[in-house]
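Scroll down for the structure; my scribbles are underneath it.
Every number here is computed from the coordinates shown, using simple stated rules; none is lab data. Remember, it's a predicted structure, so these values are computed and weren't measured experimentally. Methodologically, a virtual Cβ is constructed for each residue, glycine included, from the backbone with ideal geometry; neighbour enumeration extends over all protein chains shown.
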Amino acid sequence: MGERTFGARTIPVGLNPVALAVDERRGRAYVVEQGARDADGNPRGPGDVRVVDLTSGRTLRVTAVGYAPSAAVVDARTGRVFVANAIGRDVSVLDARDGALLSTIRGIGPGARLMDDDGAGHVLVVAGGVTDATGLSLGGGSVTILDAGTMRIVGMVPGGVSPSAAVALPGRAFILDRVAAAAGSVDAVDIGRRRVIRSTDVTVSFDGLAASAPLGPARGEAGGAGGATGRVFVLTQRVAPPPSVLSIDTITVLDADDGSARATVAFGSPDDTAVGLALDRRAGHLIVPVRDSANRPAVDVLDAGTGRLLRRIAVDARPSATPLGPGGVAAPIAPVLDERTGRALVATSSLDGLSSLLHIVDTRGGALPGAVPLARGASIVTMAADAGAARALVLATAPGSAHGTLTLIDGL
């Protein structure tokens, strides 16, 4: 049987949306919008955050923030939304209930790109530093550590030049820094001691890379598939054995306590290109969208403990990549995963690149329950999950326009 088309609600949002955060407890989405830009791509004024009620689809409030907002994260403990403003070098703090501006934290590093919450009272802002007129990094990357309760900076750690992924855990953060086309490193940051405790060199894919949360109990859950310290998984690659001159995809496994490399596991064939990574902690699976040399897409499901390929699920078209983001970094659209059911939302595009399709993939059973088409010419910015409501969110820009759309897919 073929895929059935799922119903979806599409909500218009503002100009140049760049990031999305979700508060599952309150059923809210926070859309980060940079607003109008000049001919050089610079913001004409401050950006804003749009608060959307996910049940009704209604915009509850639009709150002005700083210049060039680039990332956002919800801290569930305090009920606050933290928004990093790249040009203003500050963080706007909003009340998650109604979007009201509570505070502005000044003095973060320049070029903020990424944010995460460690689940233990800290919010991290990852910045790439200063760039020249062409976007080339001039250095000065950093990781700013905020206390979510006091809304103050409690530390700053020197960082890399081109951070492209980050994940924070209680006491630790891991920053994936892409320093060249295929060269990078993963910095393990001790949040309490405010320093990098280990930097591990990795070889990364041309199509980008992704880092997952460590394998182990999900926050607030008992059990899980990992050890006491957990693991961090990084999508990497290495040169295939002779006579091949191609590279083969690998997963590099790091210890989540000290950042040391524990293993590098190859999967697939040299003809494949991995374009994303997600972790199903409940099942102990790694979910990796791939495409072969003929652009035929599939989703590989790997055993996270051994790296063994459990199944390959074929989908249509080809995996989709994002346009350049605020930091000038091109990265694949990471799949969105509901760990309760094992269903993933995977973005693909047509061969001409003008239309996108969102596939719902049962990664545990191997089925394709359905698909959701997007408007022809729409460009996906990012995707997120509202796992408590079995809902996926897709932030995109409308065809030929800077106007944004937020698509809500229920029944994931």
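See the values below:
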quantity: Relative packing of peptides 377-386, 272-281 - highest average C-beta neighbours within 10 Å first; calculated: 272-281, 377-386
quantity: A375/R26 FRET efficiency (R0 25 Å; Cβ-Cβ; nearest 0.05); calculated: 0.30
quantity: Spin-label pair T55/A36, simplified geometry with 7 Å Cα→Cβ offset, distance in nm; calculated: 3.7
quantity: Trypsin sites (Lys or Arg not before Pro) restricted to region 350-412 and DSSP loop, no more than 12 other C-beta within 10 Å; calculated: R376
quantity: For region 69-133, alpha-carbon Rg relative to the globular expectation (2.2 N^0.38 Å, N residues); calculated: 1.10
quantity: Region 41-75: trypsin sites (Lys or Arg not before Pro) falling in loop per DSSP and having at most 16 other Cβ within 10 Å; calculated: R44, R58
quantity: Cα-based Rg of region 1-66 normalised by 2.2 N^0.38 Å, two decimals; calculated: 1.38
quantity: Virtual spin-label span in nm between L101 and A314, 7 Å along Cα→Cβ; calculated: 5.4
quantity: Zone of D201's modelled label, taken as backbone nitrogen in region 246-265 under 15 Å from a point 7 Å along Cα→Cβ; calculated: 261
